[in-house]
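Written out below as structure tokens is the structure these notes cover.
The values are calculated or read from the model by the stated rules, or taken from the named source; none is laboratory data. Treat the numbers as computed from the prediction; the structure is a model and nothing was measured. FYI the Cβ positions are ideal-geometry reconstructions off the backbone, even for glycines, and counts take in every protein chain you see. Areas reflect the complete protein model, heavy atoms only, side chains present, ligands, DNA and RNA absent. Shrake-Rupley method; radii C 1.70, N 1.55, O 1.52, S 1.80 Å.
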Amino acid sequence: MVFKVSKVSTTPIDGQKPGTSGLRKKVKVFIQPHYLQNFVQSTFNALTPEKVRGATLVVSGDGRYFSKDAIQIIIKMSAANGVRRVWVGQNGLLSTPAVSAVIRERVGVDGSKATGAFILTASHNPGGPHEDFGIKYNMENGGPAPEAITDKIFENTKTITEYLIAEDLPNIDISTIGVANFSGPEGQFDVEVFDSASDYVKLMKSIFDFELIRKLLSSSKFTFCYDALHGVAGTYAHRIFVEELGAQESSLLNCVPKEDFGGGHPDPNLTYAKELVARMGLGKSDSAVDPPEFGAAADGDADRNMILGKRSMPTSAALDVVAKNLNLKFFEVPTGWKFFGNLMDAGLCSICGEESFGTGSDHIREKDGIWAVLAWLSILAFKNKENLNGDKLVTVEDIVRQHWAIYGRHYYTRYDYENVDAGAAKDLMAYLVKLQSSLDEINSSVKGARSDVSNVVNADEFEYKDPVDGSVSKHQGIRFLFEDGSRLVFRLSGTGSEGATIRLYIEQYEKDSSKTGRDSQEALAPLVEVALKLSKMLEFTGRSAPTVIT
């Protein structure tokens with residue numbers, strides 16, 4: 001069939017500024033007339049013509065509520081804007097790391113390669129008619145659009161007067177693999193629905209020794225558990241862990257993707273991954289059943305991970321200590337995976353991680369939850385390859401304790417204060433910036449709160465100059481660095497959908513090997529007390545406790 005292009009008049013809508021990873025709002029905001037359309041057209045207008053006209057775009061996401069409607073709208077707008085073809089994961093499902101892999105690796109039957117993607121996700125935020133939706137654009141390297149592009153998109157949202165859409169293009173059946181062909185004013189337009197997992201699985205098999213991991217998973221001494229929290233990771237978990245690696249079907253929890261994530265909060269932390277935490281014997285009541293040796297969870301779009309042994313270790317500046325010890329080059333960047341992309345494209349960085357359960361490598365340009373699980377499984381498989389018939393396997397805990405013995409332990413926690421009044425959050429941050437002008441004043445507050453905490457030797461607002469393109473990102477977090485290697489960081493998050501989220505990172509470094517086995521909350525208690533008093537958290541926000549502790 002031949003479709004027509006309509007020009008629809010519109011007016012700017014306030015507040016369409018992309019955050020750390022795209023635009024996230026409540027579903028009720030996205031379903032307003034023209035809301036999604038304005039943002040998509042503003043994105044097309046921010047890209048160079050060759051990235052739109054005649055281009056191949058990927059459009060999929062984590063399957064959250066409103067995704068199916070959004071996919072049809074974006075397909076019709078792509079056709080109207082002269083895009084040549086759109087690739088859609090079956091049922092509209094593609095994890096964020098899989099989208100990056102598809103952009104970088106997939107070649108269409110006609111030799112085409114993707115130049116970008118619209119990813120429909122609000123990551124770890126809840127889904128459903130009354131919850132969150134999100135959209136972000138990824139570039140031809142597979143990574144999130146850099147700030148220069150997201151700033152341009154935002155500027156376009158403030159001046160937009162019309163958008164283009166092929167309203168008479170029929171809806172595409174995204175549940176069935178195949179190609180639909182159409183013609184428009186600028187020629188041919190195709191939509192291909194393809195298998196969501198095959199490109200990603202192929203990439204993982206090129207990185208990891210699946211045969212070695214299969215041997216570990218088939219050992220009677222090794223037990224495994226994976227919780228997708230009803231997010232898109234379930235699509236990949238069955239294919240990789242059960243079909244490829246021979247894990248038991250019963251080792252998968254919540255691996256059927258649901259539009260509302262089963263009513264849960266798809267954030268892989270100790271607060272929200274309740275079933276996994278209970279199964280791993282880490283809950284308040286001890287499980288009668290012996291917990292698995294290894295457990296893992298993913299967030300809604302499968303880019304975050306939580307790895308649990310019978311103990312768990314969130315990482316932080318631990319990476320700096322290892323890199324220094326091994327004489328490896330390392331970089332400290334702001335939160336947001338886009339900052340790793342330039343370093344990787346320039347060959348300066350191969351492995352990276354961020355505090356929010358994000359780990360990845362230069363195989364793609366996003367963090368990758370399943371890659372992180374396979375990385376851990378490959379370490380365990382290697383450590384146990386001569387030992388599978390021995391009395392006891394080397395465990396996650398053994399490896400972690402060995403790390404502490406060599407490098408010391410970074411006790412680490414994150415306090416999230418969600419949906420704080422935006423004005424109060426800004427006031428708190430402004431107060432901390434002002435406080436930083438006097439180290440004496442800071443240290444007198446520190447000692448007033450706890451005499452057993454070491455002195456602050458440096459306090460700043462983190463600013464990042466990209467070593468590749470020279471771009472500068474300011475206001476990336478307020479840091480207090482202590483003499484003993486500990487630190488406090490305060491940051492306003494850009495991933496919430498309403499209000500403000502204050503993230504407080506608390507890290508206590510311990511070199512004394514006799515003290516590396518302490519309970520984490522006990523070891524961190526003095527620094528927590530200092531952080532709350534120093535920031536006047538209660539006075540500014542009215543919050544006596546965080547929403548989530550990880």
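From the list 155, 167, the one residue that fits, being among the charged types (D, E, K, R), in a loop (DSSP other than H, G, I, E, B) and either open to solvent by less than 10 Å² (accessible area, probe 1.4 Å) or modelled with pLDDT of 95 or more (or both), is 167.
If the condition is being open to solvent by 30 Å² or more (accessible area, probe 1.4 Å) and at pLDDT 95 or above, then the stretch 38-50 contributes only 45. Residues in the stretch 356-375 that are touching a strand residue (DSSP E or B) at 6+ places or on another chain (Cβ under 6 Å) and surrounded by fewer than 18 Cβ atoms within 10 Å (Cβ to Cβ): none. Within the stretch 399-408, the presence of a residue that is in the same structural domain as residue 539 (by the TED database), basic (Lys, Arg) and within 22 Å of residue 320 (Cβ to Cβ) is excluded. A count restricted to the stretch 411-435 and to residues that are open to solvent by 30 Å² or more (accessible area, probe 1.4 Å) and either among the polar types (S, T, N, Q) or part of a helix (DSSP H, G or I) (or both) stands at 9.
From the list 397, 441, 386, the one residue that fits, being open to solvent by 20 Å² or more (accessible area, probe 1.4 Å) and in a loop (DSSP other than H, G, I, E, B), is 386.
The helices (runs of 4 or more DSSP H) found entirely in the stretch 191-310 that carry 3 or more residues being modelled with pLDDT under 95 and open to solvent by 50 Å² or more (accessible area, probe 1.4 Å) are 274-279.
Of everything listed in (1) open to solvent by 10 Å² or more (accessible area, probe 1.4 Å); (2) out of contact with any helix residue (DSSP H, G or I) (no Cβ under 7 Å at 6 or more places or on another chain); (3) touching a residue at least 24 places away in the same chain (Cβ under 8 Å), the single unmet condition for residue 452 is (2).
Look at the stretch 188-208: where a residue is in contact (Cβ under 8 Å) with a residue 60 or more places away in the chain and a partner is assigned to a helix (DSSP H, G or I) and of a type in the set (Asp, Glu), sitting 6+ places away or on another chain with Cβ atoms under 7 Å, you get 199/105; 203/105. Candidates 104, 85: the one that is touching an Asp or Glu at 6+ places or on another chain (Cβ under 6 Å) and basic (Lys, Arg) is 85. Cβ separations smaller than 8 Å between residues 6+ apart or across chains give the following pairs from the stretch 330-359 residues that are over 18 Å from residue 302 (Cβ atoms) to residues that are part of a helix (DSSP H, G or I) and open to solvent by less than 20 Å² (accessible area, probe 1.4 Å): 330/323; 331/343; 333/339; 333/340; 333/343; 349/340; 349/343; 350/344.
The lone criterion from (1) surrounded by 24 or more Cβ atoms within 10 Å (Cβ to Cβ); (2) among the aliphatic types (A, V, I, L, M); (3) part of a loop (DSSP other than H, G, I, E, B) left unmet by residue 135 is number (3). Can you say whether residue 207 is in the same structural domain as residue 389 (by the TED database), of a type in the set (Val, Ile, Thr) and touching a Phe, Trp or Tyr at 6+ places or on another chain (Cβ under 8 Å), as far as the supplied structure shows? It is true that residue 207 is in the same structural domain as residue 389 (by the TED database), of a type in the set (Val, Ile, Thr) and touching a Phe, Trp or Tyr at 6+ places or on another chain (Cβ under 8 Å). When each of 524, 534, 538 is tested for being of a type in the set (A, V, I, L, M, F, W, C), outside any strand (DSSP E or B), surrounded by fewer than 19 Cβ atoms within 10 Å (Cβ to Cβ) and in the same structural domain as residue 423 (by the TED database), the lone residue that passes is 538.
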